[in-house]
Number of protein chains: 2
Amino acid sequence: MPENKKRRRGADLENAILTAAWEQLQEKGYQNATIEGVAAAAATTKTVLYRRWPDKAHLMIAALIKFGELPDYQVPDTGSLRSDLFALFGQMAAFLDRLNGETLRGLLADRLRNLELGELLSRANTTDTLKTFLRPLLVRAADRGDIPQREWSDRVINLPGILLLNEVIGQQTLTVAAQTEMIDEILLPVYGAK
Amino acid sequence: MPENKKRRRGADLENAILTAAWEQLQEKGYQNATIEGVAAAAATTKTVLYRRWPDKAHLMIAALIKFGELPDYQVPDTGSLRSDLFALFGQMAAFLDRLNGETLRGLLADRLRNLELGELLSRANTTDTLKTFLRPLLVRAADRGDIPQREWSDRVINLPGILLLNEVIGQQTLTVAAQTEMIDEILLPVYGAK
DNA sequence: AAATATAAGATACGGCCGTATCTAATTTAA
DNA sequence: TTAAATTAGATACGGCCGTATCTTATATTT
């Protein structure tokens with residue numbers, strides 16, 4: 001048999017690494033996955049990984065983007081702002097469920113350490129994805145007369161994401177009761193629902 | 001001169017360590033401070049520290065509690081809910097300012113990793129301290145007729161803390177403009193101010 | 001096809017973590 | 001005052017991080 005001296009390169013190699021990273025993430029969780037472990041699983045070495053990603057967070061986010069089935073929210077139009085928000089939260093909850101909780105915490109922790117990482121994360125993250133289509137949702141509600149029409153500040157647009165994230169981090173879970181409270185006691189009043 | 005063979009023990013030693021920890025925290029910041037560094041600065045060894053605190057976060061929080069001049073909020077009574085909230089935010093901002101930002105992020109990151117650490121942190125932390133006296137503040141506002149009287153859920157009570165934390169983490173700072181937005185666009189509507 | 005450039009793979013390093021083990025100083029109990 | 005129990009201090013370990021260096025396979029250029 002021919003001794004295998006083939007070297008993978010470029011995209012080939014990168015795919016193998018990301019696949020390994022994704023597997024490690026599933027098997028061991030974020031905290032226990034190591035760069036060296038991923039390298040070994042991909043039958044290569046650290047050096048190669050560090051040439052591509054600066055640290056675990058970036059590597060794992062890359063894997064997450066490739067294999068994580070990031071949410072592709074359907075902007076709900078259910079007839080009322082309240083039920084739209086419920087639909088939205090439901091979708092976000094489903095996404096976060098798939099994310100193991102531990103992984104989410106690990107990523108956020110690393111995000112806090114670095115801070116620069118923030119933007120990168122946000123692509124995979126609910127918080128900012130959210131706002132691109134929360135605004136139309138509010139516009140619709142205003143057109144319908146559910147709430148007054150006005151300019152919504154970024155802070156107010158991001159509020160659902162903040163609440164959600166806070167909930168998932170603090171508690172391990174996102175119950176319907178919690179969603180209800182967030183919507184009825186906070187979001188609807190803020191958006192000016194009567 | 002007598003060769004110093006004295007060994008510090010118990011509280012004595014512990015004070016020396018916490019003092020060193022506090023100094024290291026100031027000098028290097030949370031991330032760059034190391035357990036071994038603190039041990040060296042206190043002229044002892046890791047082993048001794050690990051007997052007392054399970055990790056850097058616990059050690060630093062202990063130092064913080066001892067030397068950090070944790071906030072002793074004066075419940076403000078300025079005549080209106082809005083100005084009370086401003087006074088409150090001002091106090092919290094002052095506290096957070098002293099905390100270097102970097103330290104806060106480091107601690108929160110570690111908190112996310114562990115999670116159990118949460119309660120411990122909360123003693124030093126604004127978020128929960130907050131709620132013990134936000135409630136009376138709201139009651140006063142209700143008595144005054146600023147807002148309707150009702151039962152306020154924990155979630156709603158913690159909201160200022162969440163907003164604040166989020167702001168400090170995401171941005172590096174807490175501007176007056178941000179405070180104003182949080183109060184006028186979120187908190188006052190949530191509490192039902194007309 | 002040969003020369004050159006690029007990037008993979010192997011290895012080693014210093015830094016810090018958290019743990020384990022051993023010794024000797026200091027307390028406390030007898 | 002002596003014996004026993006604590007616990008400080010010293011050292012060493014394996015694990016992982018992130019970096020640097022070197023060699024060698026593969027692409028690219030000429």
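The values are calculated or read from the model by the stated rules, or taken from the named source; none is laboratory data. For clarity, every value in this text was computed on a predicted model and none was experimentally measured. Heads up, the Cβs are rebuilt from the backbone with ideal geometry, glycines too, and the neighbour counts pull from every protein chain shown.
Structure values in brief
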item	result
Residue count for segment A:134-156, restricted to those that are buried (at least 18 other Cβ atoms within 10 Å of the Cβ) and either among the β-branched types (Val, Ile, Thr) or without any contact (Cβ under 8 Å) to a residue 40 or more places away in the chain (or both)	3
Residue that is nearest to B:Arg135 (Cα to Cα), among those in segment B:36-86 that are of a type in the set (Val, Ile, Thr) and in contact (Cβ under 8 Å) with a residue 60 or more places away in the chain	B:Val75
Any chance B:Leu107 is in the same structural domain as B:Val156 (by TED's automatic domain parsing), within 16 Å of DNA strand C (Cβ to nearest atom) and assigned to a helix (DSSP H, G or I)	yes
1 or more residues more than 10 Å from chain B (Cβ to nearest Cβ): qualifying helices (runs of 4 or more DSSP H) within segment A:146-194	A:154-170, A:176-181
Odd one out for B:Asn114, checked against (1) at pLDDT 90 or above; (2) touching a helix residue (DSSP H, G or I) at 6+ places or on another chain (Cβ under 8 Å)	(1)
Residue that is nearest to the chain's Cα centre (by Cα), among those in segment A:4-34 that are among the hydrophobic types (A, V, I, L, M, F, W, C) and within 11 Å of DNA strand C (Cβ to nearest atom)	A:Ile17
Considering residues of segment B:7-62 that are near DNA strand D (Cβ under 8 Å from one of its atoms) and not in a helix (DSSP H, G or I) only, the residue nearest to B:Glu102 (Cα to Cα)	B:Ala42
Residues of segment B:35-46 satisfying the condition of being under 24 Å from B:Leu70 (Cβ atoms), within 10 Å of DNA strand C (Cβ to nearest atom) and crowded, with 19+ Cβ neighbours inside 10 Å	B:Val38
Matching residues in segment B:65-80 - criterion: being surrounded by 16 or more Cβ atoms within 10 Å (Cβ to Cβ) and of a type in the set (Gly, Ala, Ser)	B:Gly68
Selection status of B:Gly106, modelled with pLDDT of 90 or more and either β-branched (Val, Ile, Thr) or surrounded by 15 or more Cβ atoms within 10 Å (Cβ to Cβ) (or both)	yes
